[in-house]
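Derivation of every value follows stated rules applied to the coordinates shown; laboratory data play no part. Given the structure is predicted, the values throughout are model-derived calculations rather than measurements. Positions of Cβ are generated from backbone atoms using ideal geometry, with glycine treated the same way; all protein chains shown enter the neighbour counts.
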Amino acid sequence: MQYLAPTGQVRDTFHQGTNRRAYEMFGAHPCMESDVKKWHFCLWAPNARHVALVGAFNGWDRSRHPMQKQFDGTWELCLSEEELLSGADGAPAYKYAVWGQDDLWRMKADPFGFRSELRPNTASRLCDLDGYAWGDGEWMRKRGTFNPYNSPINIYEVHLGSWRRHEDGSYLSYTELAEQLIPYVLEMGYTHIELMPVMEHPLDMSWGYQITGFYAPTARYGTPEEFMELVDRCHRAGIGILLDWVPAHFPRDEVGLYQLDGTALYSHPDPRRGEIDQWGTMLFDFARGEVDSFLLSNACFWLERYHADGLRVDAVSSLLYYDFCKEPGQWLPNEHGGRENLDAIRFLRRLNETVYHDFSGVMMVAEESTAYPMVTAPTYLGGLGFGFKWNMGWMNDILLYIRKDAVHRKYHHDKLTFSLFYAFSENYILPFSHDEVVHGKHSLLDKNPGDLWQKFAGLRALMGYTMAHPGKKLLFMGGEFAHFIEWKYDDQLDWFLLGYDRHPQVRECVRTLNRLYRDTSAFYEVDASWDGFQWITPSDSDNSVIAFLRMDRQKNAVLCVINFTPVFHPIYRVGLPLGGTLSELFNSDRAAFGGSNQYNAYEIRAEAGLFNGFPFHADLCVPPLSCCYFNYRKIFQKPEQTPLPEAPGGAVSTMQRRDTPMGNDDQEVPSSMAAGRKQSEAETEPDSGGTDAGA
């Protein structure tokens, strides 16, 4: 990235908050002067009394290479590469020695530095990002016309430092991660990988959310070029890459943005707006144009220079509200007396407008935990302009629900149905993220009550329910094979569990669901409209069963039935809007997934007869703690038979069935005989633990 001297207009846009390429002006860039290769350094520190460039090349002596202050508060210096390489081991390390407004010297890493030293060292390193030859041209061309809203989006969230490690506990490199993570994600059928922050951070315990090097991939796993290779290889394998991005706050580490020139340069000087004590961090001051340009450029930098396919914007609620995580008296209202951070809201709108204008096919995702309206609505309609929002309400409701003992779930049935009151108000992603499996919250598996059989069956049912619910999908690593304990940032996942019973069966269940999701347009094509969803059985709280249809644009339909209790229903009646047939597409209770193997062996014909307000009905086998999908081949016909009496909650007794004897092999199998358990002689007797039916 060769340095070009900025024009006055470029400088103006930086100070006005609209420069999305500030990284081309600031930081360290190679340049040519009289056929001599040099490096140009630029730092914004308007209140500093003196700034010097220091490193091994000058013995870290701040008197050797003073920088020159420009009219707009930036400091600049140009040095030959030969001089910078003297005394350097590898890519030269450097810092800025800043004599601040408060008469204190501080050693600062480059806020726009493209590469960092490996912790505990904190200096920036020289880095020319133009050296990598990308091979993902086909992916990038296709991404230009990609529409994520009517496409399958199934995200595997990963913390690179704890997904897998070497036997001695050391990290895998970016290159090694590419060799191991990509085949695994392909095998499992995910469409995207979301990486927890890869930007440089000093403390492992922060998981990457306390950033000091906003423009530098962390040196824990290798060089910037090696991170480019990881993204490149993902793209060539057909996998998208989303990055966690943290524009809300920054840590108080002296090497970072904190008090960069002896003043609150990047944060508000009033702690009621400039700090968040609960996190121990500083908040960005979005009223300053230079701060806006720094963050706007940073977002575009990862999309442009590293070909990221989208950003998941962390902690958006802390940007929207001045009183976020604060008590009365700890925050200042806006000019209208409200709690909304109007400057941050303007920034978010500009950010999304810029990204979607300049990077076709990317995804901007908001982690927003309140009911702030129109997060994913266009800015011209008054929205924030994000593409997607994490559905935190759905996530909290369903995780609260599955913690309840099965016998008590009927009293909390609204937790299953309430999400449909707002499911189409935004473009949602359904997240089971890292935040839900730490700090005493238990793993997804261990959230389920009961014995081991019930825990595993409940987890499989939860996975099936999630895949069928409207919204794109996200699962944190380890959940796919029923990680038993909480996530540990300082160790790899417990891969040894795959050597034990049940865990590999859960992984096979999730793999099957992932592939079924990608192959079934009814599950993803219409995610933000009632056109893609219809309730069939929303109110059977006594049995804790729900049933609904998912449909694509052509009205191809899948019937989804989920049983959240360990009660086996050999015959469970559902109403249907049209005649037709049902054939089982997926069943989380199959033996291959570790279940008791109760399933619907034959095609089931819908029969005429009023049930639960529908003119047709069908009798299904619904296994304990299970999720079942059925292909629903609809036939447009008028019901002719006399309506049958309704049964409470959707379940029917055997007395209500019209038993028809089986005929020869050429005869059609009646629905009353098709709905039921099928178990071949070759299959072993299922484990009946945890079920009331006892197989």
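Residue-wise, which Karplus ³J(HN,Hα) couplings in Hz belong to segment 135-149, taking 6.51 cos²θ - 1.76 cosθ + 1.60, θ = phi - 60°, and x for glycine or proline?
Values per residue, Gly and Pro as x: x, 9, x, 5, 4, 5, 5, 5, 4, x, 10, 6, 10, x, 6 Hz.
Relative to 2.2 N^0.38 Å, what does the C-alpha radius of gyration of segment 9-67 come to as a ratio? Two decimals please.
1.35
Between R21 and D519, with labels modelled 7 Å along Cα→Cβ, what's the label distance in nm to one decimal, could you check?
Label-label distance for R21 and D519, simple model: 4.6 nm.
Quote the FRET efficiency, to the nearest 0.05, computed for A592 versus D323 with a Förster distance R0 of 56 Å and r equal to the Cβ-Cβ distance.
According to the calculation, E is roughly 0.65.
Taking H placed 1.01 Å from N in the peptide plane, check which residues at least 5 places from A216 or on another chain put their amide H under 5 Å from its amide H.
HN-HN under 5 Å from A216: E200.
Rounded to a whole number, what is D in µm²/s for the chain from Stokes-Einstein with the Kirkwood radius over alpha-carbon pairs (37 °C, 0.692 mPa s)?
Taking Rh from Cα pairs, D becomes 119 µm²/s.
Taking every pair of alpha-carbon atoms in segment 396-536, give the share separated by more than 18 Å as a whole percent.
58 percent
Pop the C-beta distance of N121 and Q534 into the FRET formula with R0 = 56 Å and round what comes out to the nearest 0.05.
Efficiency, from the Cβ-Cβ distance: 0.45.
Which whole-number percentage describes the relative contact order of the chain, with Cα contacts under 8 Å and a sequence gap of 6 or more?
RCO, the chain: 10 percent.
FRET efficiency for D89 and D358, Cβ-Cβ distance as r, R0 = 41 Å, nearest 0.05?
0.60
Taking a quarter of the surface of the convex hull around the Cα atoms of segment 275-335, what do you get in nm²?
So the mean shadow area of the Cα hull is 5.2 nm².
Working out 0.36 nm times the residue gap between A377 and R49, then minus their Cα-Cα distance, what length gain in nm do you get to one decimal?
Gain in length upon complete extension: 113.5 nm.
Which Rg and Dmax, in Å, describe the Cα atoms of segment 318-378?
In Å, with Rg to one decimal and Dmax whole: 13.7, 44.
Assuming 0.36 nm per residue, please report the length gained on full extension of the stretch M140 to D270 beyond their Cα-Cα distance.
Here the answer is 42.4 nm.
When the gyration tensor of segment 352-401 is built from Cα positions, what are the square roots of 5 times its three eigenvalues, in whole Å, from largest to smallest?
25, 13, 6
What value in Å³ per residue do you get for the convex hull of the alpha-carbon atoms in segment 8-131?
Enclosed volume per residue, from the Cα hull, is 131 Å³.
How big is D for segment 72-152, in µm² s⁻¹ as a whole number, if Stokes-Einstein is applied with the Kirkwood radius of its Cα pairs at 20 °C and 1.002 mPa s?
My calculation gives 128 µm²/s for D.
Please name which of V54, A91, L104 has its Cα lying farthest along the dipole of segment 8-131 towards the positive end, using unit charges on Cβ (Lys, Arg +1; Asp, Glu -1) and the Cα centre as origin.
L104
For segment 351-365, take each phi angle, set θ = phi - 60°, evaluate the Karplus expression 6.51 cos²θ - 1.76 cosθ + 1.60, and give the result in whole Hz per residue in order, putting x for glycine and proline.
4, 5, 4, 5, 5, 6, 6, 9, 9, 5, x, 7, 10, 10, 10
Once you place label points 7 Å from the Cα toward the Cβ at D72 and E167, how far apart are they in nm?
Result: 5.7 nm between the two label points.
Full-extension gain between D490 and Q9, please, as 0.36 nm times their residue separation minus the C-alpha to C-alpha distance.
Extending this stretch completely gives an extra 168.5 nm.
For segment 146-231, what Kirkwood radius comes out of the mean inverse Cα-Cα distance, in Å?
After inverting the pairwise mean of 1/r, the radius is 14.0 Å.
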